[in-house]
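In what follows, a single structure is set out as structure tokens and then discussed.
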Amino acid sequence: MPTTVHAWAAHAAGSPLVPHQITRRDVGERDVAIEITHCGVCHSDIHQARDEWGGSSFPMVPGHEIVGRVTQVGRAVKRFAPGDLAGVGCLVDSCRTCASCRRNLEQYCEKGAAQTYNGTEMDRKTPTYGGYSRAIVVDEAFTLRIRKGVDPAAAAPLLCAGITTWSPLRHWKAGKGTRVGVVGLGGLGHMAVKLAAALGAEVTMFSTSPAKEADARRLGAHGFVLTRDPANLGKLAGRLDLIINTISAPHDYNAYLATLAVDGVMVLVGAPPSSPPVKAFSLIGGRKTLAGSMIGGLAETQEMLDFCAERGITSDVEIIPIAKINDAYERMLRNDVKYRFVIDLATL
Ligand code: NAP
Ligand code: ZN
Ligand code: ZN
């Protein structure tokens, strides 16, 4: 029997989130049922609830940084048992047969993966609803293991902010001897600093917020650049090998490209709805690359979770009751979050 589950939803672009009820499917052979205890609040939740990227569907239950306890498993499930901690990130299914899926790059599924919310299951009909809800039913193949003893609230943001920054750091081989810049100290940015530092890179933080300098250094940054004064960026011209750009609002990429060394790469993970043009000469002089990266595949997400568990790396979180979610969105838009809001779903 499908079950009715309490949730919070946006009913139209930009309207405040309000209490809502959704249906979760019966637990199938390969399914894991999870009672959600915590869900991180990603800036993508705001972009989509406000339809800033276009194509949003409503009612929308956002949330793709989900951690909880397994309550029931299907007969064919091997890796989970009731009582286990489990996580769900941005994807709940994919075609599993295309070239990308076969390379463990489900996020780039050629048929279009099933997003955890604001999308549909692979039947292209059944809407998906995210983690601002009390429970979820997910195929085992898209469920992540969270080790015993890990703080579930502080681990939740790893499911999106963690993997989104881990994947490009690994793909472009950040490590000892590489000079990594992180742009924007929010949810993604603070994980990028922690992970790049843990991989052994020399990390420079670029921020518009002078008050965040001490935190940036505590998180592992070796340098801090206040970007409000363009002269500060100029001092770093030609210095960096890799930049992870997490800025959520339109901004000028050219200024950051100038801080790359020859063959340097700037990876966009931040997804502003629009941006000023990139000048050809920002790339030509120095054989530079402007790249993009989207979350990470399931195997890579598990690799990141295990790395974080071994190193004791989690997110710096402010736990909020669900009733504060609309305030939390406003505070994120004022860059007032240290450094991820996480909803305590017991308050729902
Ligand atoms: P967040 O917590 O709100 O942090 C964004 C940070 O960007 C802010 O804290 C601020 O840092 C900086 N910023 C904001 N507005 C700015 C502006 N106008 N100019 C310069 N800097 C500005 O957001 P988040 O959750 O980390 O998400 C960041 C972006 O990544 C969003 O666009 C989100 O949709 C996207 N995202 C992409 C993926 C992916 O797969 N590629 C996955 C998750 C999220 P300072 O105060 O330090 O300046
Ligand atoms: Zn996200
Ligand atoms: Zn596929």
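When the residues of region 103-115 are narrowed to those that are aliphatic (A, V, I, L, M) and open to solvent by less than 20 Å² (accessible area, probe 1.4 Å), which ends up farthest from ligand 1 (Cβ to nearest atom)? Walk me through how you get there before you give the answer.
Quick first cut of region 103-115, residues aliphatic (A, V, I, L, M) only: 105, 113-114.
Restricting the remaining residues to those that are open to solvent by less than 20 Å² (accessible area, probe 1.4 Å) gives 113-114.
On the way: 113: 12, 114: 15 Å.
Only one residue tops the list, namely 114.
Among the listed residues 177, 184, 220, which satisfies the condition of being surrounded by fewer than 21 Cβ atoms within 10 Å (Cβ to Cβ), on the phi > 0 side of the Ramachandran plot and under 20 Å from the mean Cα position of the chain (by Cα)?
Numbers: 177 fails: under 20 Å from the mean Cα position of the chain (by Cα); 184 fails: surrounded by fewer than 21 Cβ atoms within 10 Å (Cβ to Cβ).
Step by step, each of 177, 184, 220 is checked, and only 220 is surrounded by fewer than 21 Cβ atoms within 10 Å (Cβ to Cβ), on the phi > 0 side of the Ramachandran plot and under 20 Å from the mean Cα position of the chain (by Cα).
Hey, among 271, 299, which residue is in contact (Cβ under 8 Å) with a residue 40 or more places away in the chain, in contact with a His (Cβ under 8 Å, 6 or more places away or on another chain) and surrounded by fewer than 20 Cβ atoms within 10 Å (Cβ to Cβ)? Walk me through it before giving the result.
Numbers: 299 fails: in contact with a His (Cβ under 8 Å, 6 or more places away or on another chain).
So the residue among 271, 299 that is in contact (Cβ under 8 Å) with a residue 40 or more places away in the chain, in contact with a His (Cβ under 8 Å, 6 or more places away or on another chain) and surrounded by fewer than 20 Cβ atoms within 10 Å (Cβ to Cβ) is 271.
Counting only residues that are of a type in the set (Asp, Glu), give me the helices (runs of 4 or more DSSP H) lying completely in region 262-348 with at least 1 of them.
Numbers: elements: 280-284, 298-311, 325-333.
Passing ranges, in order: 298-311, 325-333.
Give the residues of region 148-188 that are out of contact with any Leu (no Cβ under 7 Å at 6 or more places or on another chain), closer than 24 Å to residue 226 by Cβ and within 13 Å of ligand 2 (Cβ to nearest atom), sorted by residue number.
186, 187, 188
With (1) open to solvent by 40 Å² or more (accessible area, probe 1.4 Å); (2) assigned to a helix (DSSP H, G or I) as the list, and residue 256 as the residue in question, which single condition is left unmet?
(1)
Count, please, the residues in region 241-250 that happen to be in a strand (DSSP E or B) and surrounded by 24 or more Cβ atoms within 10 Å (Cβ to Cβ). Give the steps one after another, and end with the answer.
Let us first name the residues in region 241-250 that are in a strand (DSSP E or B), namely 241-245.
Restricting the remaining residues to those that are surrounded by 24 or more Cβ atoms within 10 Å (Cβ to Cβ) gives 242-245.
The qualifying residues number 4.
Residue check, residue 231 against (1) open to solvent by 20 Å² or more (accessible area, probe 1.4 Å); (2) in contact (Cβ under 8 Å) with a residue 24 or more places away in the chain, all met but one. Which one?
Every condition holds for residue 231 apart from (2).
Got at least one residue in region 129-140 being open to solvent by less than 30 Å² (accessible area, probe 1.4 Å), closer than 21 Å to residue 27 by Cα, part of a loop (DSSP other than H, G, I, E, B) and away from ligand 1 (no atom under 16 Å from the Cβ)?
no
Kindly indicate whether any position in region 146-162 is in a helix (DSSP H, G or I), within 16 Å of ligand 3 (Cβ to nearest atom) and under 24 Å from residue 309 (Cα atoms). If you could, list the steps in order and put the result at the bottom.
We begin by selecting, within region 146-162, every residue in a helix (DSSP H, G or I); these are 152-159, 161-162.
Still in the list and also within 16 Å of ligand 3 (Cβ to nearest atom): none.
No, there is no match, as no residue in region 146-162 is in a helix (DSSP H, G or I), within 16 Å of ligand 3 (Cβ to nearest atom) and under 24 Å from residue 309 (Cα atoms).
Out of all the residues in region 190-204, is one or more under 24 Å from the mean Cα position of the chain (by Cα), buried (at least 24 other Cβ atoms within 10 Å of the Cβ) and either assigned to a strand (DSSP E or B) or polar (S, T, N, Q) (or both)? Let's see the steps before the verdict.
The initial filter retains those residues of region 190-204 that are under 24 Å from the mean Cα position of the chain (by Cα), namely 190-204.
This time we only want the ones that are buried (at least 24 other Cβ atoms within 10 Å of the Cβ), so: 190-196, 201, 203.
Going one step further and asking which of them are either assigned to a strand (DSSP E or B) or polar (S, T, N, Q) (or both), we end up with 203.
Yes.
Go through region 13-60 and count every residue that is among the β-branched types (Val, Ile, Thr), surrounded by fewer than 24 Cβ atoms within 10 Å (Cβ to Cβ) and closer than 23 Å to residue 156 by Cβ. Quick ask: steps written out before the conclusion?
In the first step, residues of region 13-60 are kept if they are among the β-branched types (Val, Ile, Thr); the result is 18, 22-23, 27, 32, 34, 36-37, 41, 46.
Then drop every residue that is not surrounded by fewer than 24 Cβ atoms within 10 Å (Cβ to Cβ), which leaves 18, 22-23, 27, 37, 46.
Narrowing the set further to residues that are closer than 23 Å to residue 156 by Cβ leaves 18, 22, 27, 37, 46.
The qualifying residues number 5.
Which members of region 77-102 meet the condition of being more than 16 Å from ligand 3 (Cβ to nearest atom), more than 17 Å from the chain's Cα centre (by Cα) and open to solvent by less than 30 Å² (accessible area, probe 1.4 Å)?
Initially, region 77-102 is screened for residues more than 16 Å from ligand 3 (Cβ to nearest atom), giving 77-89.
Of the ones still in play, those that are also more than 17 Å from the chain's Cα centre (by Cα) are 77-85.
77, 80, 85 - these are the residues of region 77-102 that are more than 16 Å from ligand 3 (Cβ to nearest atom), more than 17 Å from the chain's Cα centre (by Cα) and open to solvent by less than 30 Å² (accessible area, probe 1.4 Å).
Suppose we keep only residues that are within 14 Å of residue 166 (Cβ to Cβ) and either surrounded by 21 or more Cβ atoms within 10 Å (Cβ to Cβ) or within 16 Å of the chain's Cα centre (by Cα) (or both) within region 302-322. Which one would you say is nearest to ligand 2 (Cβ to nearest atom)? Spell out the reasoning first.
Taking region 302-322 as the starting set, the residues that turn out to be within 14 Å of residue 166 (Cβ to Cβ) are 302-311, 313-315.
Among the residues that remain, those that are also either surrounded by 21 or more Cβ atoms within 10 Å (Cβ to Cβ) or within 16 Å of the chain's Cα centre (by Cα) (or both) are: 302-305, 308, 313-315.
Details: 302: 17, 303: 18, 304: 14, 305: 15, 308: 16, 313: 18, 314: 16, 315: 12 Å.
Checked region 302-322; the qualifying residue nearest to ligand 2 (Cβ to nearest atom) is 315.
Yes or no, residue by residue, for (1) under 22 Å from residue 160 (Cα atoms); (2) outside any strand (DSSP E or B):
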position: 15; (1), (2): no, yes
position: 21; (1), (2): no, no
position: 36; (1), (2): yes, no
position: 45; (1), (2): yes, yes
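Give me the pairs: first residue in region 175-192 and more than 16 Å from ligand 3 (Cβ to nearest atom), second residue of a type in the set (Lys, Arg), beta-carbon distance under 6 Å, and six or more apart or on different chains, which are they?
Sorted first by the residue in region 175-192, then by its partner, the pairs are 185/212; 187/340.
Does any residue in region 54-70 that is under 28 Å from residue 274 (Cα atoms) come within less than 6 Å, Cβ to Cβ, of a residue that is assigned to a loop (DSSP other than H, G, I, E, B) and aromatic (Phe, Trp, Tyr) six or more places away or on a different chain, and which pairs are these?
Every condition considered, the pairs that remain are 61/117; 61/129; 61/132; 62/117; 62/132; 63/132.
The values are calculated or read from the model by the stated rules, or taken from the named source; none is laboratory data. This is a predicted model, so every value here is computed, not measured. Neighbour counts run over all protein chains shown; Cβ positions are idealised from the backbone, glycine included. In case anyone asks, the SASA skips ligands and DNA or RNA and just uses the protein heavy atoms, side chains included. Shrake-Rupley method; radii C 1.70, N 1.55, O 1.52, S 1.80 Å.
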